[in-house]
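The values are calculated or read from the model by the stated rules, or taken from the named source; none is laboratory data. From a predicted model like this one, the values you see are computed outputs, not experimental measurements. Glycine also receives a Cβ, built like all others from the backbone with ideal geometry; neighbour counts cover every protein chain displayed. Areas reflect the complete protein model, heavy atoms only, side chains present, ligands, DNA and RNA absent. Shrake-Rupley method; radii C 1.70, N 1.55, O 1.52, S 1.80 Å.
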Amino acid sequence: MKRSSDAEKQQSEHDAAKLFLRCYEQQTGIHMRHIWHNEPNRPDVSCYQENQQLDIEVAHLYASETEAMAVLGRPLSIQMQRDLADMAQQPSEHRLQSALERLLKQKATKRYYSKRTWLLIRNASTIWHKSDFEAAVKKVCFPNTHQFEQIWLLCDFYRGELLRVDH
């Protein structure tokens, strides 16, 4: 039986993917359908983009350790606590850039069994908004190598403010 934290994580990924698909369709007119979850070593969810399978790795972005713990409702790993503490030491105008770079660096190290993988970053913080992301992504240092065909950002946890952030 799955642990409740696994089920919560899967539900959170599903919710992010569902919102992304709806927003992507509205923005591009390209049909996205049928979300399903994958086993480890594959991106979190898969769907169909028109007739082609597309795999999506889902990541949530937090502004602080306290915020992440409150949203997740559980303790964080030691490494995540360190990363968030380091980020909190940055001047406020650099926190978002630092958070994005940390997340991108972490995801760039992963390898997936997938022909097409997109990264979806869902903003889980109430302090950052689309205008903050538009300014920050211009300064972000993207990893030289990663497996993502495209990188997208849901700028608001509940609404469809979608921004493509890859270069």
> Using a 1.4 Å probe, how large is the accessible area of LEU163, given in Å² and rounded to the nearest 10?
Replying inline: 30
>> Which lysines, if any, have their Cα less than 24 Å from the Cα of LYS18, not counting same-chain residues under 8 positions apart?
In response: LYS2, LYS9, LYS107, LYS110, LYS115, LYS130
> Where does each of 140-150, 27-37, 124-134 land if you order them by average Cβ count within 10 Å, highest first?
Replying inline: 124-134, 140-150, 27-37
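For region 103-167, what does the accessible surface come to per residue with a 1.4 Å probe? Please give it in Å². Before the final figure, lay out each step's value.
Working: 3630 Å² over 65 residues.
About 56 Å² of surface per residue is accessible.
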